[in-house]
Amino acid sequence: MSDRKGGRKDQPDTVLSATRTAFRLSPVIIWLGIVSMATDISSESVAAVLPLYVTGFLGLSTIAFGIVDGINQGASAIVRIGAGWISDRTGRPKSVAAAGYGLSMVARVGFLFAGGFWSIAAIVTGDRVGKGIRTAPRDAMIAAEAQPDYLARSFGVHRMLDNIGAAAGPLIAFALLSLIPNGYSSVFVVSLAFAVIGVAVLLLAVPNRTAWPGKAPAAETDLREPLAEAPAHQPKTGWSRTSWRALRVRGLPRLLVAAGLLGLLTIGDGFVYLLLQSREAFPVQWFPLLFVGTNAAFLVFAIPIGRLADRLGRVPVFLAGHLALFACYVLAAVPAGGTAATLGCLLLLGLFYAATDGVLAAMVSQLAVPKYLGTALGTAQTVVALSRMVSAAAFGVLWYAAGPAAAAACVAVLLLPALGAATVLLRHTPRTAS
């Protein structure tokens, strides 16, 4: 509309573009990244030896490993929504996250004494339940500290630090197994030590404050867009009753369905690595380096992919990540591999995680009502965890019945129509999240 005196037009789009703030990284996100880095050194050093420990050292079948891997993927689903709900209700996500990190630390002790399927299954369950408790509150803290325009990049920075630990853990396991043949107990001791470090950093360095996502300080409120509008009558204390209708906003249910569908066709990394090891027949002490390769690729791609998702759209990047996963399965299934095919698999798997892990969290954070962000993140993580648990158990049986290459080829074939269905489900996702 024209101003008669000055001939000036209001241009809200231009003003918003001009006042978009430069990217700033909160120290809290850095500290949370360090906590995750130490915790991932702990967890990934064990994960890197677990497939061989179960199928080789303990002599269990791939069906048994499929069950253990399914627990590893999905046991956290038991508590993810509840942990997110408690985080929202109390407004103290650090306290909830600390309980999860602490439980995983205690579970690490059990690996020193485990010697059979049931004990391993129980320990993995405890560890993964701890992960389920901590993940949604931790991601809610990241979203609360991040600038809304740079959500994916902020999550990418955290995931980068996380994956420094995820790459270092298998390297430590490799070094220990090279120095001490069958030195699994040494790996478990080192894992416990890093779990203790992670809990200590969380308790000492991360502030335990109430912080609702999208609520900028007064001086910045005109520069930041809220993630979503919360109902005006809700108090800021966090004690209002959670409404599950809060999840039914702006395309969030479709996103959850798409994530679950694709999760059903995402087999565990351990199976991919076992397939590569059986095809290439390299020495077992080199096995942890497969985890290093994937996590190194994730580390390299995490921030650039996050920036790309913020600029070009999160949905296209999320879907493209699953195309990388499809290519990884095809390379893993071909009978004639070699070093190039193995490295290609690791690169594509790391690219997949970089394009989906933090990007999915950013999409949920952008769509959800800020007051219920922990619940929304916990729900999304539960959907993914449950779908991958089913996938791992089913793939273990398929491997046993049809062989590793045929099983991987079958999953690759099914992934394409699932990706098409996900594309349809997400086509109307609001522009702010796509």
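Read-outs: derived from the displayed coordinates by stated rules, not from any lab. Computed from a prediction, not measured in an experiment: that's the story for all the values here. All Cβ positions, glycine included, derive from the backbone under ideal geometry; neighbour counts span all protein chains shown.
Quick notes on this one:
- With q set to 0.09, 0.14, 0.15 Å⁻¹, the log10 of I(q)/I(0) for the stretch 245-433, from the Debye formula over equal scatterers at the Cα positions, is -0.33, -0.78, -0.88.
- Between the stretch 68-99 and the stretch 291-331, the alpha-carbon center distance in angstrom: 25 Å
- Using a simple spin-label model with pseudo-atoms 7 Å out from Cα toward Cβ, PHE113 and SER278 lie 3.4 nm apart.
- For the stretch 336-351, Karplus couplings with θ = phi - 60° (6.51, -1.76, 1.60), whole Hz, Gly/Pro x: 9, x, x, 4, 5, 5, 5, 5, x, 4, 5, 5, 5, 5, x, 4
- Around ASN295: net Lys/Arg minus Asp/Glu count, Cβ-Cβ under 10 Å: -4
- In order along the stretch 32-48, phi translates into HN-Hα couplings of 5, x, 5, 4, 5, 4, 5, 5, 6, 4, 5, 6, 6, 5, 6, 4, 5 Hz, rounded to whole numbers, per the Karplus curve 6.51 cos²θ - 1.76 cosθ + 1.60 with θ = phi - 60° and x for Gly and Pro.
- Ranked by the mean number of other Cβ atoms within 10 Å of their residues, highest first, the peptides 337-347, 33-43 fall in the order 33-43, 337-347.
- For the stretch 147-197 versus the stretch 359-397, the spacing of their alpha-carbon centroids is 22 Å.
- Whole-number D in µm² s⁻¹ for the stretch 23-211, Kirkwood Cα-pair radius fed into Stokes-Einstein, 20 °C, 1.002 mPa s: 127 µm²/s
- Neighbours of GLY338 by Cβ distance under 13 Å: Lys/Arg scored +1, Asp/Glu scored -1, total 0.
- Of the trypsin sites (Lys or Arg not before Pro) in the stretch 376-434, the ones in a loop by DSSP (not H, G, I, E or B) with at most 11 other beta carbons within 10 Å are ARG427.
- Each peptide in 64-71, 163-170 was scored by the mean count of other Cβ atoms within 10 Å over its residues; highest first, the order is 163-170, 64-71.
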